[in-house]
Amino acid sequence: MSEYVNVVEIFGENVFNDSVMQARLPKKVYKELKQTMDEGKELSPEIADVVAHEMKEWAIEKGATHYSHWFQPLTGVTAEKHDAFITAPKSDGKILMSFSGKELIKGEPDASSFPSGGLRATFEARGYTAWDCTSPAFVRQDAAGATLCIPTAFCAYTGEALDQKTPLLRSMQAINKEALRLIHLFGNTTSKKVVPSVGAEQEYFLVDAKKFMQRKDLIYTGRTLFGAMPPKGQELDDHYFGTIRQKIAAYMKDVNIELWKMGVSSKTQHNEVAPAQHELAPIYAPANIAVDHNQIVMQTLKRVARKHELKCLLHEKPFAGVNGSGKHDNWSLVTDDGINLLEPGKTPHENVQFLLVLSCIMKAVDIHADLLRESASDVGNDHRLGANEAPPAIISIYLGEQLEDVVEQLVSTGTADHSIKGGKLLTGVRTLPDFAKDATDRNRTSPFAFTGNKFEFRMVGSRDSVAAPNVVLNTIVAEAFKEACDILENAEDFEMAVHDLIKKNCAQHQRIIFNGNGYSEEWVEEAARRGLPNITSMVDAIPTLVTEKSINLFEKFHVFTKAELESRVEVKYETYSKAINVEARAMIDIASKQIIPAVIKYEKSLADAINAIMAAAPVDVSVESDLLKEASDLLKETKEKLSILQKKTEEAVRMAEGAEQAIFYHEEVCPAMAALRKPVDQLEMIVDKDMWPMPSYGDLMFEV
Ligand SMILES: [Mg+2]
């Protein structure tokens, strides 16, 4: 029997949340801190000292010995440096535990070893971490004991963003400002803030830890670089939503407990499509908290796996031939008093606002489809996007039959006066039907789907931070809102102007709507006819960050400066090249030191067997001889392809870092890797299983 878990009691017990602050901070301090959090005011040093002291006392009660500014540099993972709370020993040799306001608000990690894309020369090592007080501090318990983690933004000495968090917070300010303007136009005087609300669904694989350790490719790259398909893959659809096996269930339980303690509202868990694949989804949170929580989720999935003798694979494509992992980014806009701007309204008035919001999102996504695509680009995600797996690399919007029909009517006649679901509707006069209940067809092939009261961006990779896609969504929608407000605030006849604007947005950007099968070849052709970008790889996506259109957009809303965008481009090219280089070298290493020797051993065993059989009796050994010949031919091919990969990789390494090198890796090294894999996977199918130097796909996926 498993032990009883009181979720209500443990939820958030390791979070320095509002109720802890209310209970522990003097009233005046609490009030000022809240103001800082709600209105972005500056925190005075005296107040910071009090907050820091209470935070330390609270953390020590939780067993914490260290604190850490926890941040998200451009490495793709989180970074942290632990400092003990101790002061220098006094004359009696004893120490005190201390933590100042200054230490809470600002950290100074050595920034020289984090990617900066030329923003900061390495000798100017200074970088700052700054407390994001809107994302609560938490205590994490692990082998290091307990650590007070303080979510922070990470900037260069000169103020430029070196992380994921800073632009996200800036984009949240932009969308807040423009969305408030928009709802004020519709007479809303009560809401003080509009926040992007985000829920990130996390997919992952679990494999046996011992088998993982026998696969150098998994160790070095997080994915398998070789591997023949087992007799069974995902074709029977028996894993998706299947009964969760006890070993996995025990793991999920521990993950949930850890997450709940840290205030992450882990809600849904299920088996995913591929064997050994699973999913975890939390409840929505404000974008910056959701981004932090997703990082906590990924760390926790990995950490807890150890305890269960499992390894959690977060790579987008751990195995060829079965589905990879993604991260659906659910996005909506919610006011501080609980109004969801993406909720179709209950009154005609609200309906018009909803249709305006919707038409602005259509416009934003159509104009900046390339940027949205780029925000999901990642080395691992190249194996999914545009590679016959959900979703396609072409950005389109799925609205559902009913809403698409409304848009269609608005475009063709200027009014929407009926609804397919029955019942008459006249925008501005009657209410739209309840779309949330119209869940008849959730188009799984659409990369950007309206699902009742939110959009679901389905391109993001499983390992990636959801910061980048939300930075783009917030900023492009802020732009569309701004342009709408600029017109509507000056309109003489508001009703007429809003009606015209919705119609105009819908008419001009209707091409972005696609409700059909996104996996089909016809859609690729149709999208090309419509002029929609089809960006199939990361190296092709990167330049979209620095088009004139992007620079204008991001500078206008103070989300990125041109220099920051250029630095990110540099970092991304470098990241791509380095990742492929590691994969290529891992392949070379494995093929040379494990696979070729294993095949030779197998050949020798065959040759010995042939000789022994012939010595024993004059029987037909043609099968054995054929096998030997087949293995020998494939070995020859393996060696040839290995030499080509070695040459290509050496050539790539000699190139200067940057776009050209990344493109070379993509166009020359990647195909050479695929070419080497082919004969090796064929060899795996004939070589004696006992002689094959690593666990097979079947061992990894079905014997967890
Ligand atoms: Mg899923």
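Structural remarks
- Region 96-113, residues that are open to solvent by 50 Å² or more (accessible area, probe 1.4 Å), at pLDDT below 90 and outside any strand (DSSP E or B): Ile105, Glu108, Ser113
- Within the option set Ala612, Ala672, being modelled with pLDDT of 95 or more and either surrounded by fewer than 18 Cβ atoms within 10 Å (Cβ to Cβ) or over 15 Å from Leu225 (Cα atoms) (or both) holds for one residue only, Ala612.
- Residue count, region 189-207 (criterion: more than 24 Å from the chain's Cα centre (by Cα) and either open to solvent by 10 Å² or more (accessible area, probe 1.4 Å) or not assigned by TED's automatic domain parsing to the domain that holds Arg463 (or both)): 4
- When residues in region 642-662 are screened for being out of contact with any helix residue (DSSP H, G or I) (no Cβ under 9 Å at 6 or more places or on another chain) and of a type in the set (Ser, Thr, Tyr), 1 of them pass.
- Sole exception among (1) touching a Ser or Thr at 6+ places or on another chain (Cβ under 8 Å); (2) of a type in the set (Phe, Trp, Tyr); (3) open to solvent by 10 Å² or more (accessible area, probe 1.4 Å) for Phe186, by number: (1)
- Gly145 vs. criteria in the same structural domain as His82 (by TED's automatic domain parsing) and over 28 Å from Gly263 (Cα atoms): no
- From the options Glu489, Glu555, Glu526, residue that is of a type in the set (D, E, K, R), assigned by TED's automatic domain parsing to the domain that holds Leu342, surrounded by fewer than 21 Cβ atoms within 10 Å (Cβ to Cβ) and in contact (Cβ under 8 Å) with a residue 40 or more places away in the chain: Glu489
- Pair list, Cβ < 7 Å and 6+ apart or interchain, from region 262-275 residues that are among the basic types (Lys, Arg) to residues that are within 15 Å of the ligand (Cβ to nearest atom): Lys267/Ala281; Lys267/Pro282
- The set of residues from region 305-339 being within 21 Å of Phe481 (Cβ to Cβ) and either open to solvent by 50 Å² or more (accessible area, probe 1.4 Å) or at pLDDT below 95 (or both) comprises Asp336, Asp337, Gly338, Ile339.
- Among (1) away from the ligand (no atom under 16 Å from the Cβ); (2) open to solvent by less than 10 Å² (accessible area, probe 1.4 Å); (3) within 30 Å of Ala541 (Cβ to Cβ) - the single one Ile367 does not satisfy: (2)
- Members of region 290-327 found to be polar (S, T, N, Q) and within 16 Å of the ligand (Cβ to nearest atom), listed by number: Asn294, Asn323, Ser325
- Any hit, region 135-144, residues being farther than 30 Å from Lys307 by Cβ and crowded, with 22+ Cβ neighbours inside 10 Å: no
- Against the numbered list (1) open to solvent by less than 10 Å² (accessible area, probe 1.4 Å); (2) touching an Asp or Glu at 6+ places or on another chain (Cβ under 7 Å); (3) within 30 Å of Thr75 (Cβ to Cβ), Phe481 comes up short only at (3).
- The set of residues in region 145-168 being surrounded by fewer than 23 Cβ atoms within 10 Å (Cβ to Cβ) and not in a strand (DSSP E or B) consists of Tyr157, Thr158, Gly159, Glu160.
- Close pairs (6 angstrom Cβ cut-off, 6 or more residues apart or separate chains): within 15 Å of Ala672 (Cβ to Cβ) in region 562-588, small (Gly, Ala, Ser) anywhere: Ser577/Ala662
- Counted residues, region 1-45 - those being assigned to a helix (DSSP H, G or I) and open to solvent by 70 Å² or more (accessible area, probe 1.4 Å): 12
- Residue within region 46-67 that is in contact (Cβ under 8 Å) with a residue 24 or more places away in the chain and surrounded by fewer than 12 Cβ atoms within 10 Å (Cβ to Cβ) present: yes
- Listed conditions (1) among the β-branched types (Val, Ile, Thr); (2) open to solvent by less than 30 Å² (accessible area, probe 1.4 Å); (3) within 30 Å of Tyr697 (Cα to Cα) are all met by Ile244, apart from (2).
- Qualifying residue in region 392-405 (condition: in a helix (DSSP H, G or I), at pLDDT below 95, over 31 Å from the mean Cα position of the chain (by Cα) and surrounded by fewer than 24 Cβ atoms within 10 Å (Cβ to Cβ)): yes
- Only one of the listed residues (Ser520, Ser537, Ser567) is polar (S, T, N, Q) and in contact with a His (Cβ under 9 Å, 6 or more places away or on another chain). That residue is Ser537.
- Taking (1) under 30 Å from Gly698 (Cα atoms); (2) within 15 Å of the ligand (Cβ to nearest atom) in turn, Asn330 satisfies each apart from (1).
The values are calculated or read from the model by the stated rules, or taken from the named source; none is laboratory data. Given the structure is predicted, the values throughout are model-derived calculations rather than measurements. Because the Cβ atoms are built from the backbone with ideal geometry, glycine has one as well, and the counts that use them run over all protein chains shown. Only protein heavy atoms, including side chains, enter the accessible area calculation; ligands, DNA and RNA are left aside. Shrake-Rupley method; radii C 1.70, N 1.55, O 1.52, S 1.80 Å.
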